[in-house]
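Reviewing the structure listed below.
The values are calculated or read from the model by the stated rules, or taken from the named source; none is laboratory data. In this text the structure is predicted, and so the values were computed from the model without any measurement. A quick note on method: Cβ atoms are made from the backbone with ideal geometry, for glycine too, and the neighbour counts reach across all protein chains shown.
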């Protein structure tokens, strides 16, 4: 996706910040992490991610896109791996500011990532829309997974 | 900025199932967790029998996030209510939710929808879509 019309206010404020937020900003509005161990952590993640996205200056539709993707991927951690962790932080690239979310677990892994990205494919009880749907809602998505070792999924959305 | 709310574990007692004439009206809470969504389905089905209702209006006007789990439970509930002889109208989906649901590929099957609760009740007074009698019926001024 190409960058266009970055919003003046958040960019001017954040463009000067280092790419990795300092540890002090660990649980600031735009950076933090949450362990996922129970069903109610899905809701906690949605609320935290909603706040982080809104604080960065995303509009309602983009906030809803990001929160929905986060909800899908957090539920995947809970359903398939049992536990894991969700991290979020603001990132910068070529004059753009964005939000990056990382979903990490040490569960069974995804044996065939390509297959898992096909709409409708599921090994669980879901509709098979979580992974491909999340990719459509975000600007970038990377999946690292090895059978028996776990899964790390990164998603990014850029402010424009 | 917005305050981070403590994660409240909602129980099914927080879900009000109202009976309006022969139709059930259920308002889905703003940010329901998975157990709440599942509990809602159970309560609705149980109330359909208990109140001998012929229809259900599912008000989702406060719902901010419609993900695939929620969509699946809604679609299933509509099918279950249909198997019991009832008809469901999902009412009040927010514009932002409609945009995301479409992008995510959530279609809610052939679920009937309405802009708001008023229009949902209006719909339930008319014939089901596809039925032989499915034509506009005047029911006086709104």
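General remarks:
- Taking the numbered list (1) under 13 Å from the mean Cα position of the chain (by Cα); (2) at the interface with another protein chain (Cβ under 9 Å from one of its Cβ atoms) in turn, residue A:53 passes all entries but (2).
- Apart from one condition, residue B:37 fits all of (1) more than 22 Å from residue A:41 (Cα to Cα); (2) more than 10 Å from every other protein chain (Cβ to nearest Cβ); the exception is (1).
- Qualifying position, being at pLDDT 90 or above, under 19 Å from residue A:75 (Cβ atoms) and in contact with a strand residue (DSSP E or B) (Cβ under 7 Å, 6 or more places away or on another chain), among B:44, B:74, B:63, B:17: B:74
- Set side by side, the residues A:131, A:73, A:99 differ, and just one is more than 8 Å from chain B (Cβ to nearest Cβ), within 15 Å of residue B:100 (Cβ to Cβ) and either in contact with a strand residue (DSSP E or B) (Cβ under 6 Å, 6 or more places away or on another chain) or part of a helix (DSSP H, G or I) (or both), which is A:73.
- Region A:93-106: number of residues that are surrounded by fewer than 17 Cβ atoms within 10 Å (Cβ to Cβ) and touching a residue at least 60 places away in the same chain (Cβ under 8 Å): 3
- Against the criterion of being assigned to a strand (DSSP E or B) and either within 14 Å of chain B (Cβ to nearest Cβ) or in contact with a helix residue (DSSP H, G or I) (Cβ under 7 Å, 6 or more places away or on another chain) (or both), residue A:145 qualifies.
- Each residue in region B:53-69 was checked for being under 8 Å from the mean Cα position of the chain (by Cα) and away from chain A (no Cβ under 14 Å), and 4 of them qualify.
- Matching residues, region B:38-59, being surrounded by fewer than 21 Cβ atoms within 10 Å (Cβ to Cβ) and either without any contact (Cβ under 8 Å) to a residue 12 or more places away in the chain or within 23 Å of residue B:98 (Cα to Cα) (or both): B:38, B:41, B:46, B:50, B:59
- Matching residues, region B:80-97, being within 14 Å of another protein chain (Cβ to nearest Cβ) and exposed (fewer than 15 other Cβ atoms within 10 Å of the Cβ): B:95
- Every test in (1) at negative phi; (2) over 17 Å from the mean Cα position of the chain (by Cα); (3) touching a residue at least 40 places away in the same chain (Cβ under 8 Å) is passed by residue A:109 save one, and that test is (1).
- Among all residues of region B:9-26, there is at least one that is within 11 Å of chain A (Cβ to nearest Cβ) and in contact with a helix residue (DSSP H, G or I) (Cβ under 9 Å, 6 or more places away or on another chain).
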